[in-house]
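Encoded as structure tokens, the structure appears first; notes follow it.
Derivation of every value follows stated rules applied to the coordinates shown; laboratory data play no part. Keep in mind that this is a model prediction, so the values were computed, not measured. Note: ideal-geometry Cβ built from the backbone for every residue, glycine included; neighbour counts use all protein chains shown.
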Amino acid sequence: MQLARVIGTVVATRKDAELEGVKLLLIRACDLDGRADGPALVAVDAVGAGFDEVVLYAAGSSARLTAVTQNRPVDAVIMAVVDQVECEGRRRFTKDV
Amino acid sequence: MQLARVIGTVVATRKDAELEGVKLLLIRACDLDGRADGPALVAVDAVGAGFDEVVLYAAGSSARLTAVTQNRPVDAVIMAVVDQVECEGRRRFTKDV
Amino acid sequence: MQLARVIGTVVATRKDAELEGVKLLLIRACDLDGRADGPALVAVDAVGAGFDEVVLYAAGSSARLTAVTQNRPVDAVIMAVVDQVECEGRRRFTKDV
Amino acid sequence: MQLARVIGTVVATRKDAELEGVKLLLIRACDLDGRADGPALVAVDAVGAGFDEVVLYAAGSSARLTAVTQNRPVDAVIMAVVDQVECEGRRRFTKDV
Amino acid sequence: MQLARVIGTVVATRKDAELEGVKLLLIRACDLDGRADGPALVAVDAVGAGFDEVVLYAAGSSARLTAVTQNRPVDAVIMAVVDQVECEGRRRFTKDV
């Protein structure tokens, strides 16, 4: 899984029936401090992630293993909102509350 | 999933029986503004995407999860035509109507 | 899927039983004009592709979805011989007949 | 599979139900001497790996094949703690005991 | 599939039960002449490959399709020992006998 930040949304009206009702978020891979520094991609939101939140996403067939994404033609899913990243004993990221 | 622009077509007569009847489109990954700037690849069209449209494609086993691609030996599918991309509160791409 | 050119063959006598009887071709990813310019890889031939032909290959689990590759430990399959590549209204590649 | 070093942890409270109870570790791909020199990623711990240990992780659908990760939306799993890496007759890494 | 050379071994005592009894080899992707020039990775040996042999490996879910690797959490398998690589009519690699 990779850390990413939610940076936007994608809207698509004409789509495969199996995509109906899923929310497509634009995310950008981020470093351990939560700084978005990677490539952008589109992932289905399975946890109600909000704009600018740091999330965890899974890619490939595993993206279909949440309740929201089962049997859908999607290859990336946001399945957790990150509260904290700790690296080598140091807190690198903490979610604002 | 990734954003891409439809840039052309691929025709293949001699092919595996499971590829009969699918439309093979040439696409190029694009940035948030819809500018094709990535590598080209070939994807099956599951939504009737047209030339120059910005689309969303899924790769890997998920490419087989549309009605059109079930059980076929394909690893990329266009499963949505993109209407709008919004990033950090700004409209980056809007489909011409 | 990706375009590739058939550049050679790989022979392996000692192999998993599920690889018996498959033809292993050496291919190199190519550009839209059919010029081999990418990395070389080994793919199972599911369509009787010949030396120097431009082909389409699928990777990952989808490589097991042809009649030839079912249930075999292979992650790349040539499932079509390309006749024509058209990009932005221009014919970029046409198979010699 | 790849060698990696455990460098930290990720905590996520809001998450897909199928992620409940799994431990999310931050790892960094490492070289044959165990020096972390690659990109960081998040993997589920299936073997009780400790901080700074050199581990082996599997990616993709295979990440769901441990007892801990079955049917979960995860694409990377730590499924072994490495004791020894030998390359070209030379011991490159040995776990401290 | 990719060509690789066997360069060593990895030993892991603490591991997922499904990894018991499999041999973990260290391999390095190689070019058409058999020169190891790529990144190192760890693959399960399904054919009794020996040190320094040039082999073929499959990645992803296909790595679980040999008799040795079925249902195991592994994402790379050596499923053939390469005897010969021929490219553009020229023998590039021949196994020593």
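Charges were assigned to the Cβ only: +1 to each Lys and Arg, -1 to each Asp and Glu. The resulting dipole of the stretch D:2-94 about its Cα centre is roughly 120 debye.
Scanning chain E for the beta carbon that comes closest to the axis linking it by rotation to C yields E:Ser61, 4, distance in whole angstrom. The lysines whose alpha-carbon is closer than 27 Å to the alpha-carbon of B:Lys95, local same-chain residues fewer than 8 away aside, are A:Lys15, A:Lys23, B:Lys23. Diffusion coefficient of the protein assembly as shown by Stokes-Einstein, Kirkwood radius over Cα pairs, 37 °C, 0.692 mPa s: 142 µm²/s. Label point of A:Asn71 (7 Å along Cα→beta-carbon): distances to the other copies' equivalent points are 1.5, 1.5, 2.5, 2.5 nm, sorted ascending. Projecting 7 Å from Cα along the Cα-to-Cβ direction, the label point of B:Thr13 sits 4.0, 4.0, 6.5, 6.5 nm from its equivalents in the other copies, listed shortest first. Shape descriptor for the stretch B:2-94: Rg over Rh equals 1.00 (Cα atoms; Rh from the Kirkwood inverse mean 1/r). Evaluating 6.51 cos²θ - 1.76 cosθ + 1.60 at θ = phi - 60° for every residue in the stretch C:49-64, the Karplus couplings come out as 5, x, 4, 6, 6, 8, 10, 10, 10, 10, 10, x, 4, 5, 5, 9 Hz, glycine and proline recorded as x. Label point of B:Val97 (7 Å along Cα→beta-carbon): distances to the other copies' equivalent points are 4.4, 4.4, 7.1, 7.1 nm, sorted ascending. Taking θ as phi - 60° and the Karplus parameters 6.51, -1.76 and 1.60, the scalar couplings of the stretch C:76-83 work out to 8, 9, 8, 10, 7, 9, 7, 8 Hz in sequence order, x denoting glycine and proline.
Note on the stretch B:2-94: antiparallel DSSP beta bridges, both residues inside, total approximately 90 percent of the bridges counted.
In percent, rounded to a whole number, the relative contact order of chain B is 27, using alpha-carbon pairs under 8 Å and six or more apart.
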